[in-house]
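Every number in this text was worked out from the coordinates using simple rules, so none of it is lab data. The model shown is predicted, which means the values in this text are computed figures rather than measured ones. Positions of Cβ are backbone-derived with ideal geometry, glycine not excepted, and every protein chain shown enters the neighbour counts.
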Amino acid sequence: MNIRLLPPTLVNQIAAGEVVERPASAVKELVENALDAGATRIDVVLVEGGQALISVTDDGCGMGPDDLELAVERHATSKLPDDDLVHIRHLGFRGEALPSIGSVARLTLTSRPRGGDSAWSLCVEGGAKGTPQPAAHPPGTRVEVRDLFFATPARLKFLKAPRTELSHAVDTLERLAMAHPAVGFSLSDGTRSVLKLAAQRGERAAAQLSRLAAIIGRDFEANAVRLDAERDGVRLTGWAGLPTFNKGTNAYQYLFVNGRPVKDRLVVGAVRGAYQDVLGHDRHPVVALFLELDAQAVDVNVHPAKAEVRFRDSGLVRGLIVSAIRHALAEAGHRASSTLGVAALGALGAHAAPPRPTTQYQWHPAAPRPSFAQVQQAANAFAPSGGLSEALPNLSLPPSAPAEETPAETPDLDHPLGAARAQLHDTYIIAETRDGLVIVDQHAAHERLVMERMKAALAQGPVKTQALLLPEVVDLGEAGAARVADAAEQLAQLGLVVEAFGPGAVAVREVPALLGDCDVQGLVRDLADDLAEWGEALALTEKLGTICATMACHGSVRSGRRLSVAEMNALLRQMETTPLSGQCNHGRPTHVSLRLADVEKLFGRR
């Protein structure tokens, strides 16, 4: 078998197989060229999902006849002036897109340079290049791709329905639009407008958020926290959704590196780590991350379609993402997604009035505001090792005021979570605010408070323990007991002292003091299950957040416990000063806020 050179047309078709997988791939390459040309407006038309026609029109710098001829040659580009693959500052740089597309479709380029007195057009059909011809066109460029894959019919069999191909193109265009909010975009299927995004002006962060809201949804704008962090020359900006604003897949996680939309497993793992103790395992956060770093610190030439990158210091990037998101979420405090209230109102409005409840509830009509001494006493009930105010030094209670000096009005209404008014079904606290009401899940809320205190205690040194009057013997079976006994030294560092106790059992002698009177049996069984899931090779310190969450769940106020007004208000005040208190350790919301105006609409008062 003799070795021979492949003909140029076949070479281009092979390249097209890597670069142009479907119409959305062609849209990506053409729109990136328009962005590199400095366009401020890009209009895309796709007919029959892009198989019949792909048209991309921009108002960029344009090209003359000589540049048109070079543009459809392989490896011809204006984006590597120094022939340096390290300092890549454009989205495209290989010079393969146009010749690859022209080898499998009927390609027409029409362009006019800015300041030029005429436009020129060039056609390429199945790899056969024509000559530039005079044409009429405003400054900028229009690229038309007709009959995609007509020269390679086998590829047509792999195309999906036009609607599916159109959806892929929409996703591609939206990701590019997120990275370039100052550019206006539109997409049409030839008969109707599918996507229309106006150029965003003004301050960068505000423009960025407006563009993200236009694409992801206005709910994201109301439920996202801003990110802005820098470390060792790497800057991270963007927006991270509140944990209670989540999705069922990770499709709503967007990463941009130096303005380039990419997908990276490292970043997906970093985002998961940042949300690990505030989100359920089957839910995914919504984030848009924009990384800016020196071109030498990232390699964008590792994927044919430039969809992946490689970082020189991946650990630095991962650490920056995790710390920035965690810091931003902690600063959000007790905030929960505003969509929770909308969903609650929707559920209430969708059903007829239910029958009168038969379950007893506790109601406190015109309950007087508890004194600070009462609040302090109630807080101590939530924290067996010295009270919540001691565990959270940021919370300082004013001196106790005499009962007769308490004003008639209720200033607690000015607090973000208001003043406690009732407890329903011994589980939910109803609080009144100035402009609405708040419903709090007492177990979920206190679970988060306990976990944050445990994390703070671990950061300060050895965890304080309390000895059990009688050791608690837990039967786990031989495998479970062996796993817990092997991890005894690490568990002791977390305040749980266990030791083997005969075949298939362990004895618990001390528990973390923060947990108080906890369910020791359930706690140890859950930890044994966690150890079985993680495997022997994983150190417990790597799962510190999960362990704290497991312990906190068993040491918090349970559903079914009757609380006094002072205890309910103490819980609300602690939530307001505790990071991440908008959701429990499993990612469930701790409270739902309803505006009075929305409640009045349910009753036709507005």
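Please report, to one decimal in angstroms, the Kirkwood hydrodynamic radius of segment 105-229 built from all distinct Cα-Cα pairs.
Hydrodynamic radius (Kirkwood, Cα pairs) of segment 105-229 is 17.7 Å.
Per-peptide packing, taken as the mean over residues of other Cβ atoms within 10 Å, places 491-498, 240-247 in the sequence 240-247, 491-498 from highest down.
Counting 0.36 nm for each residue step from A467 to R41 and taking away their Cα separation leaves a gain of 146.4 nm.
As a quick test, which of the pairs K157/K196; K28/K196; K196/K247; K196/K601 have an alpha carbon distance above 27 angstrom in this structure?
Pairs exceeding 27 Å: K157/K196; K196/K601.
What the pair-distance distribution of segment 204-332 shows, using all Cα-Cα distances binned every 10 Å from zero, is 12, 47, 34, 7, 0 percent. Length available on full extension from S323 to A182: 0.36 nm per residue minus the Cα-Cα distance, which gives 47.9 nm.
By other beta-carbon atoms within 10 Å, ranking F220, F150, F158 with the fewest at the front produces F158, F150, F220. Backbone geometry of segment 207-223 corresponds, through the Karplus equation with coefficients 6.51, -1.76 and 1.60 at θ = phi - 60°, to 3J(HN,Hα) couplings of 5, 4, 5, 4, 5, 4, 5, 5, 9, 6, x, 5, 4, 5, 4, 7, 10 Hz, x marking Gly and Pro.
Using r as the Cβ-Cβ distance of A76 and D219, and R0 as 51 Å, what FRET efficiency do you calculate, to the nearest 0.05? That gives a FRET efficiency of 0.65. Remark on segment 8-197: ratio of C-alpha radius of gyration to 2.2 N^0.38 Å is 0.96.
Using the Cβ-Cβ distance between A136 and R204 with R0 = 41 Å, the FRET efficiency computed as 1/(1 + (r/R0)^6) comes to roughly 0.65.
Each residue of segment 270-276 was assigned a 3J(HN,Hα) from its phi angle through the Karplus curve 6.51 cos²θ - 1.76 cosθ + 1.60 (θ = phi - 60°); the sequence is 5, 5, 4, x, 5, 9, 4 Hz, with glycine and proline shown as x.
Hydrodynamic radius of segment 93-145 by the Kirkwood approach over all distinct alpha-carbon pairs: 11.5 Å. Remark: C-alpha extents of segment 434-485 on the principal axes read 56, 29, 24 Å, sorted largest to smallest. Taking 0.36 nm per residue of sequence separation and removing the Cα-Cα distance, the A52/Q296 pair yields an extension gain of 83.8 nm. The phi torsions of segment 50-67, fed into the Karplus equation with coefficients 6.51, -1.76 and 1.60 and a -60° offset, translate into couplings of x, 6, 7, 7, 10, 10, 10, 10, 9, 10, x, 5, x, 9, x, x, 5, 5 Hz, rounded to whole numbers, with Gly and Pro shown as x. Exposure proxy for T590, T152: other Cβ atoms within 10 Å of each Cβ, ordered fewest to most, give T152, T590. Legend: ranking of residues E499, E478 from fewest to most surrounding C-beta atoms inside 10 Å; resulting order E478, E499. Calculated FRET efficiency, A459 to T164, Cβ-Cβ distance, R0 = 56 Å: about 0.65 to the nearest 0.05.
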